[in-house]
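Here's the structure we're looking at; comments come further down.
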Amino acid sequence: MKIRGNAGWGSVFTGIVALGLLSACGGGSGGSGGGVIDPSDSNSVADELRVKLGDVDASQVSGDPPQQDPQAAGNPVVDVSDGQDTAVTPGESKDISVDTSTSGDSLLSVLYAKVAGADSYFEAQAAQTQSLRTKQDGTTVVTFDIPQNLGSGEFCVELSIGDSESRVSNVEAFCFTSTPEDGSAAATLDGLQGRWARCVDGRSELVIIDGDVADFSETSYANANCTGEVVGTFSDTLRLTVGPQLTTDSGLTANELDVEIIDSPDPDDIGLVEYDIIRVAGDQFFAGEGEASSPENRPTALDLDSPYVRSEEVAPPDPVDEFSPAAVRSRLQGAWELCVDDRFLERATFDGNVLFFEETEYTGSGCSGDIVRVTNDTLSYEIGPSFEDEDGDLINPFDAEITSADNPQDVGLQFFGIVRVSAGPDELQLNVGDEGGSPGARPSGFPGPPYLRP
């Protein structure tokens, strides 16, 4: 890895090497998901869950609870009635009412609770608590303290009881559904899942996040809009630990983020950690400005100028229909150029369903001479089903929205245009239509020359 001086997550992936420091990975306790526990990870849930039977914390025991002997007479019975609220928010305590019944002179002796699939269970002796009195029939309240860092999803619990004659009841199972609050570490990690891209100063960056693991790749190009000759490539695999919410210098909320390199072409980089902040906002996320080798020095401001945008993976083209949306989008991928009005060089770079658009104004004809100005926009786009234009040729709808722009007032502008792209020779005809247009007022043709590959 080498220092490239890039902002945002770029600093996360490169600054730690520049610092040359090896830090211990921060983050939450236990479980998968970079400090966030996946509810399907039974052992991690069990290790962080706390169970109270009456007034006493149940103890955690390795293995499985005792099982019922179906041949024994007078086995106790346990029942968890339907209709109880099992929706939970991480960090809350949830009470579950349990009806118990024993036979003859036997009394309730012990309660067992097991996270389904875990290698351990919880156990509480009835004599340990006044609220959980030894009795033959009655209702007992079991309290579950839900882990603060539990992610979204479902986990199930199996309950049973034992009586004073060492007989064991049936097993009653029920499931909790966890929904983290907005801004929590779990909700932020959920929002990060998927494929993200951006172009910054000639670097095309792609981040694919699955769980708490991020595959980061970067391709450096000769041109600032990520076109032209490839001058370098780079990749790392990272583990993400999302922390609690904080308020940035600008007043926006963000979450702490610790990033550890877990795989790299350079073995010396493995284990390095960078401390950053992150804000997920729909189909964009923003990282912090600067870099830090310790939690105390993590950035306090977000890089709002260079967001990552969600980028869908391009599906393989349909071999039967070359004008299907998937086939057209596949042919669009990469860079295109067009000199407009002899002075404005337009560069369009397609990455998944994201379009990076750069316009450079020159003093001379033929898009040459000194540069007067450069403007950049990032757009999300969709390709619609083909239809015939006024000349009987097949074209496709091209719907786009500006998600990031040098002029902030342009963000949110929508375009409803048309596109036609051929594979041989490579030619792109694109008419985005008027700003703020509508699907019913699409342009009907392509007035200018096509874009070509640079």
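Each reported figure results from applying straightforward, stated rules to the coordinates on display, with no laboratory input. Owing to the predicted nature of the structure, the values given are computational and were not obtained by experimental measurement. Note that we place each Cβ from the backbone using ideal geometry, even for glycine, and neighbour counts take in every protein chain shown.
Grab the other residues whose beta carbon is less than 11 angstrom from that of ASP389, score K and R as +1, D and E as -1, and report the net.
Once all neighbours under 11 Å are counted, the net charge is -2.
With bins 10 Å wide starting at 0, give me the P(r) of the range 220-307 over every alpha carbon pair, in whole percents.
All Cα pairs, binned at 10 Å, distribute as 16, 37, 33, 13, 0 percent.
Grab the beta carbon distance between GLU181 and ASP434, set R0 = 35 Å, and tell me the FRET efficiency rounded to 0.05.
Taking R0 as 35 Å, the efficiency between GLU181 and ASP434 is 0.25.
Per-residue HN-Hα couplings for the range 139-154, Karplus 6.51 cos²θ - 1.76 cosθ + 1.60 at θ = phi - 60°, whole Hz, x for Gly and Pro?
Once θ is set to phi - 60°, the couplings for the range 139-154 become 10, 10, 9, 9, 9, 10, 8, 6, x, 4, 9, 6, x, 7, x, 10 Hz.
Tell me which residues come under 5 Å, amide H to amide H, from ALA116 once H is placed; ignore anything under 5 positions away on its chain.
CYS156, VAL157, GLU158
By the scheme Lys and Arg +1, Asp and Glu -1, what is the net charge of all other residues having a beta-carbon under 15 Å from that of ALA73?
Result for the neighbourhood of ALA73: -3.
Can you tell me what the convex hull of the Cα atoms of the chain projects to on average, as an area in nm²?
Computed as one quarter of the Cα hull surface, the answer is 29.3 nm².
Can you give the FRET efficiency to the nearest 0.05 for ASP426 and LEU246, using r as the Cβ-Cβ distance and R₀ = 56 Å?
So the FRET efficiency works out to roughly 0.75.
What is the spread of the Cα atoms of the range 295-433 along each of their three principal axes, largest first, in whole Å?
59, 44, 25
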